[in-house]
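The values are calculated or read from the model by the stated rules, or taken from the named source; none is laboratory data. Here the structure is a predicted model, which is why all the values come from computation and not from measurement. Because the Cβ atoms are built from the backbone with ideal geometry, glycine has one as well, and the counts that use them run over all protein chains shown. Surface accessibility is based on the protein's heavy atoms, side chains included, excluding ligands, DNA and RNA. Shrake-Rupley method; radii C 1.70, N 1.55, O 1.52, S 1.80 Å.
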There are 2 protein chains.
Amino acid sequence: MVNVAILGFGTVGSGVAEVLTMNQALIDRRTNQQVRLKYILDVRDFPDSPYKDCFVKDFSVIENDPEVDIVVETIGGATVALDFTRRALAAGKSVVSSNKELVATHGYDLLQLAKEKGVSYLFEASVGGGIPVLRPLTNCLAGNEVEQVCGILNGTTNYILTRMIRAGLSFEQALKEAQDNGYAERDPSADIEGHDACRKICILAALSFDEHVYPEQVPTQGITAITLADVDYANSCGYKIKLLGRALRMDEGKICAYVAPHLVNGSDPLAGVEDVFNAIKITGNAVGDAMFYGRGAGKLPTASAVVGDIADIAKDVKTRKCNEWGPGSKELVETPDALAFRWYVRANGTMDAARKACGELTALARGGAPAQEIAFLTEEMTQAQLEVKLAGLDVQSVIRVLA
Amino acid sequence: MVNVAILGFGTVGSGVAEVLTMNQALIDRRTNQQVRLKYILDVRDFPDSPYKDCFVKDFSVIENDPEVDIVVETIGGATVALDFTRRALAAGKSVVSSNKELVATHGYDLLQLAKEKGVSYLFEASVGGGIPVLRPLTNCLAGNEVEQVCGILNGTTNYILTRMIRAGLSFEQALKEAQDNGYAERDPSADIEGHDACRKICILAALSFDEHVYPEQVPTQGITAITLADVDYANSCGYKIKLLGRALRMDEGKICAYVAPHLVNGSDPLAGVEDVFNAIKITGNAVGDAMFYGRGAGKLPTASAVVGDIADIAKDVKTRKCNEWGPGSKELVETPDALAFRWYVRANGTMDAARKACGELTALARGGAPAQEIAFLTEEMTQAQLEVKLAGLDVQSVIRVLA
């Protein structure tokens, strides 16, 4: 018997309980164990829940019950969740988490604690929701030097951009629709400002390059400045605007990570990832490009990833599933300033002035553009080089083009 | 120290040697072991190879060397490869294979033997080349009842279809080009007749539904009958023709598996998978759809998957990595005859006659069609129902539409 305790009965936590119940027979068969839900910790009461006998309000009940093997942390945030995760690991229990903020900020410490205690700390659900990506990255691709990770890591912003591209909605209209459909929070800033994607690229970078990358080391730009004009111009040259998190291996073992909107070529499989779907493309020195696609959020998809981790631990509770990375450092992480890109630029002025400023460029056109509006793609250059060239122009929008 | 022996120094075998050497330091770090190539078995001589000291011609040298922990079988076929795999497992060595034919025909027996001997038999490279898919399916998605697996499993045929769609080449021209580029064998029948995809869907079905599905149980149709006219008609209604392997969970624990060309809607991510790339979409009752994309063949991508398996075993040689399925049976596997599809039909005749025969249908048009040619999409029906309706028509082409 393997006993599980769930911390937090919100969307993900209740989904985990549902999947454990719904698929109990097959999980037991595949793990060769009886995997059972013993506790659910929540401050609220759920008198009508089918799991009503499992609820407790005091974490120490779980912490002190030697029968609990696996603690599932679906509380979110990095305060209570951090405290309970530490205490669970310290009590010799393995922890499975969907909490990207906690892993991105305290992953190194928590993995060290898990190692010390000989237990597992797994968090497949923290990136890409239900998409299997962290375990394939660390196991199946273990023979690869990872060169780059690039992904559509946030379903809310991808939904908004898809609706702007396909239905011609403005950013504000698309955001409102996402909120009405339950794809965006009342306070959408963590999504639309890119912070959610930032936490996920931190985790992917750490697993790819074996060193912790902290959110504050990752320049992060969201999609609030994207207009329909930009979407139209991108479309006119066969590109789609996507919010990407990227992490790249640089010279001398350094890492570059950032989050920003990009123009993605229509022939890139990332361009075809629509609505709330996520996709993560990993480039290794043997495999080339491999891409993982699916639902990046939602109750059952996220629960699927959590239960996958539970099953992995349950198969053999005594053997620690290794995940480990170094503590990282200030010097290790570079900004994308040194990277050269082609750039999309929208400005007020004349193409002559733009050519004088930027040299060789590709002019773009769209129907219904104001008379003074111009847009173009530059040659490859760094952001600093671009800024020098654009200094005299009335620039409205600048977006990287993904090579 | 973990010692590896490679059987067969062809494309994949030499790729495995190359990746083990190129990425030795990181493989050692990630496995916490020294993973070293000790033998390469090949009947040929390679006096100029950097691995020339590793070559042996007699398998019993490997079989009888207690220092060999992992045998990599990249011979292919099911004769010598079967014998050597059995002997390696019997000698207590774990085996890693890229050999889809062997796994699809003898997987059950070999997994039973591995279990008996307490060793691992892993074959991530046998499906999807470098794409991590078998381990994610069995581990990350362990909490899901798999409902369906559907994939573009053969790069050669996908390349041919892509060239027909994008460059307007005929099947014969595209095949010739694929051969010239090294994407197709001189004898391309295993690819273009669908046998390669058939073996792969057998393996995916076994891992999804826990019972061996044998190639002879899987109705298999290739792409040799696909014409440019069909490609054009598909395009006219927003579809692309793709060769798919599919395995579905049916009522009463039965399995349906088959290989056939399908019209795939442009909005389905499978439609965007081009050239030699493969993609496998897995539908689970918790995760929904998850898709895995990448290079389905090639020296280094396939070697990447093999080395991932080697690393998984090397981390902890004494612990068997479980993969297991039942022996299967005749009664367990159904043909797709009971499944209802919309159908694409091309015929000589009139749309009036077609409507009289088939009832409600969607007429298709293409530029340059001969006067007597018609094409249409039917409503949903089984193959038997379709055949009755089409009996009086001069039918040229019939292709399933993927729902």
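Some notes on this structure:
- Residues satisfying the stated conditions in the range B:152-199, i.e. among the hydroxyl-bearing types (Ser, Thr, Tyr) and either modelled with pLDDT of 95 or more or in a helix (DSSP H, G or I) (or both): B:Thr156, B:Thr157, B:Tyr159, B:Thr162, B:Ser170, B:Ser189
- Residue within the range B:247-256 that is buried (at least 24 other Cβ atoms within 10 Å of the Cβ) and either outside any strand (DSSP E or B) or touching a Pro at 6+ places or on another chain (Cβ under 8 Å) (or both) present: no
- Any hit, the range B:20-31, residues being surrounded by fewer than 20 Cβ atoms within 10 Å (Cβ to Cβ), among the small types (Gly, Ala, Ser), without any contact (Cβ under 8 Å) to a residue 60 or more places away in the chain and not in a strand (DSSP E or B): yes
- Selection from the range A:342-377 of residues that are free of Cβ contacts under 8 Å to residues at least 40 places away in the same chain, in contact with a Phe, Trp or Tyr (Cβ under 9 Å, 6 or more places away or on another chain) and surrounded by 13 or more Cβ atoms within 10 Å (Cβ to Cβ): A:Met351, A:Ala354, A:Arg355, A:Cys358, A:Leu361, A:Phe376
- Residue in the range B:99-111 that is part of a loop (DSSP other than H, G, I, E, B) and over 30 Å from A:Lys299 (Cβ atoms) present: yes
- Check on A:Val307, assigned to a strand (DSSP E or B) and β-branched (Val, Ile, Thr): no
- Qualifying residue in the range B:232-250 (condition: free of Cβ contacts under 8 Å to residues at least 24 places away in the same chain and out of contact with any Leu (no Cβ under 8 Å at 6 or more places or on another chain)): no
- Qualifying position, being more than 14 Å from chain A (Cβ to nearest Cβ), open to solvent by 40 Å² or more (accessible area, probe 1.4 Å) and out of contact with any Lys or Arg (no Cβ under 6 Å at 6 or more places or on another chain), among B:Ala225, B:Ala297: B:Ala225
- Of all residues making up the range A:300-320, the number that are open to solvent by 40 Å² or more (accessible area, probe 1.4 Å) and within 19 Å of A:Val103 (Cα to Cα): 1
- Filtering the range B:261-278 to residues that are within 23 Å of B:Trp343 (Cα to Cα) and either in contact with a strand residue (DSSP E or B) (Cβ under 6 Å, 6 or more places away or on another chain) or open to solvent by 40 Å² or more (accessible area, probe 1.4 Å) (or both) leaves B:Pro261, B:His262, B:Leu263, B:Val264, B:Asn265, B:Gly266, B:Ser267, B:Pro269, B:Leu270, B:Ala271, B:Gly272, B:Val273.
- Positions within the range B:19-28 being facing chain A (nearest Cβ under 8 Å) and of a type outside the set (A, V, I, L, M), in sequence order: B:Asn23
- Any chance B:Val388 is outside any loop (DSSP other than H, G, I, E, B), farther than 22 Å from B:Lys242 by Cα and open to solvent by 20 Å² or more (accessible area, probe 1.4 Å): yes
- Enumeration of residues in the range A:192-222 that are out of contact with any strand residue (DSSP E or B) (no Cβ under 6 Å at 6 or more places or on another chain), over 22 Å from A:Val276 (Cβ atoms) and open to solvent by less than 10 Å² (accessible area, probe 1.4 Å): A:Ala206, A:His212
- Matching residues, the range B:74-118, being of a type in the set (A, V, I, L, M) and either open to solvent by less than 10 Å² (accessible area, probe 1.4 Å) or at pLDDT below 95 (or both): B:Ala81, B:Ala88, B:Leu89, B:Val95, B:Val96, B:Leu102, B:Val103, B:Ala104, B:Leu110, B:Leu111, B:Ala114
- For the range B:279-294, the tally of residues that are more than 7 Å from chain A (Cβ to nearest Cβ) and either surrounded by 22 or more Cβ atoms within 10 Å (Cβ to Cβ) or more than 17 Å from A:Thr302 (Cα to Cα) (or both) stands at 4.
- The condition (being within 14 Å of another protein chain (Cβ to nearest Cβ) and surrounded by 19 or more Cβ atoms within 10 Å (Cβ to Cβ)) is satisfied by just one residue among A:Ala234, A:Ala142, A:Ala184: A:Ala142.
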